[in-house]
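Just so you know, all these numbers are worked out from the coordinates, no wet-lab data involved. Note that this is a predicted model, so its numbers are computed, not measured. Every residue, glycine as well, gets a Cβ built from its backbone with ideal geometry; the counts of neighbours run over all protein chains shown.
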Amino acid sequence: MRQPLVAGNWKMNGSRASAKELVEGIKAGVASAVKTQIALCPPHAYLADVSAMLQGTPVMLGAQNLCYASSGAYTGEISATMLLDFGCTYAIVGHSERRALFGEDNKIVARKFLAASKGGLTPIFCVGEMLEDRENELTEAVVARQLDAVLESPECLAALGGAVIAYEPVWAIGTGKTASPDQAQEVHAFIRRQIAAHSAEIAGKIQILYGGSVKGSNAAELFAKPDIDGGLIGGASLDASEFLTICHAAE
């Protein structure tokens with residue numbers, strides 16, 4: 001049985017003071033959520049602070065992005081090795097905001113996926129469709145193309161067994177809209193079938209998270225679906241009580 005994972009993506013929010021308050025609030029409530037893996041992905045500027053606060057707790061640390069190169073003349077970037085120095089376990093790759101706002105295409109995402117994996121991190125590999133894609137019934141075609149960037153690379157496929165996938169319907173991020181549990185399950189099941197076509201073993205064990213405006217009020221119904229193994233949480237991860245409610249819903 002796959003262990004649930006709830007990862008909080010803080011995006012570009014917070015301050016040193018608010019980060020400390022948020023982490024302390026989460027730490028105070030995680031003791032009874034031992035069946036659920038929990039990770040926090042703060043902005044890079046606060047990785048050291050959050051890493052220190054998480055020492056001795058079961059909560060893991062993740063990064064929101066990384067460079068596809070291991071070192072060199074890449075001003076403003078951060079490498080897998082640097083993230084390991086902070087104690088990171090996870091690195092998000094291919095988030096819809098990176099794709100839309102910073103022009104990261106499937107080829108770049110695949111390179112980042114491999115850099116994270118080779119660098120000793122667990123990639124959280126994001127896929128998902130825009131509103132117009134869903135309205136034109138192109139969800140599966142879009143998600144399949146994004147997956148294929150990893151599945152069709154022997155090197156990436158070999159690394160997929162040590163990765164996490166997050167399905168994020170772009171139309172349901174920050175809009176207040178949420179895919180229904182049945183809609184989310186349908187795409188999660190599709191993702192698992194696509195992976196199974198390459199490796200039934202990986203498909204059976206890989207965690208597939210839902211990342212579309214998960215809240216305390218809808219988390220339990222979403223997580224009850226057979227192919228939804230937790231969530232990649234955005235706005236709700238900035239409120240300790242709300243985030244903990246989501247973590248407990250994954251139990």
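Each residue of the stretch 221-237 was assigned a 3J(HN,Hα) from its phi angle through the Karplus curve 6.51 cos²θ - 1.76 cosθ + 1.60 (θ = phi - 60°); the sequence is 5, 5, 6, 6, 6, x, 10, 9, 9, x, x, 9, 9, x, x, 5, 7 Hz, with glycine and proline shown as x.
3J(HN,Hα) along the stretch 17-22, derived from phi through the Karplus expression 6.51 cos²θ - 1.76 cosθ + 1.60 where θ = phi - 60°, amounts to 5, 5, 5, 5, 4, 5 Hz, with x in place of Gly and Pro.
Each label was represented as a point 7 Å from its Cα along the Cα-to-Cβ direction; for A196 and K225 these points are 1.6 nm apart.
Sorting 5-14, 161-170 by average packing, meaning the other beta carbons within 10 Å per residue, from highest down gives 161-170, 5-14.
Around the amide H of G230, modelled in the peptide plane, lie the amide H atoms of L5, Y210, all under 5 Å away and 5 or more residues distant in sequence or on another chain. Between A166 and F125, C126, V127, L209, the built amide H atoms are under 5 Å apart, and every one of these is 5 or more places off in sequence or on another chain. Estimated from helices alone, the mean residue ellipticity of the chain at 222 nm is -12000 deg cm²/dmol (sum of -39500 (n - 2.57) over DSSP H runs with n ≥ 4, per residue). For I38, the amide hydrogen comes within under 5 Å of the amide hydrogens of V6, M60, counting only partners 5 or more places away or on other chains and with H modelled in the peptide plane.
Over all other residues within a Cβ to Cβ distance under 13 Å of I206, the charged ones net out to +1, with Lys and Arg as +1 and Asp and Glu as -1.
Evaluated with a Cβ-only charge set (Lys, Arg +1; Asp, Glu -1), the stretch 56-186 carries a dipole of roughly 540 debye about its Cα centre, given to the nearest 20.
Across the stretch 206-214, computed HN-Hα scalar couplings (Karplus, 6.51 cos²θ - 1.76 cosθ + 1.60, θ = phi - 60°) run 6, 7, 10, 9, 9, x, x, 6, 6 Hz from first to last residue, x flagging Gly and Pro. Compactness of the chain is given as radius of gyration and Dmax, 16.8, 48 Å, from Cα positions. Structure note, pairs K27/K118; K118/K177; K20/K215; K11/K107; K11/K177: Cα-Cα distances above 26 angstrom occur for K27/K118; K118/K177.
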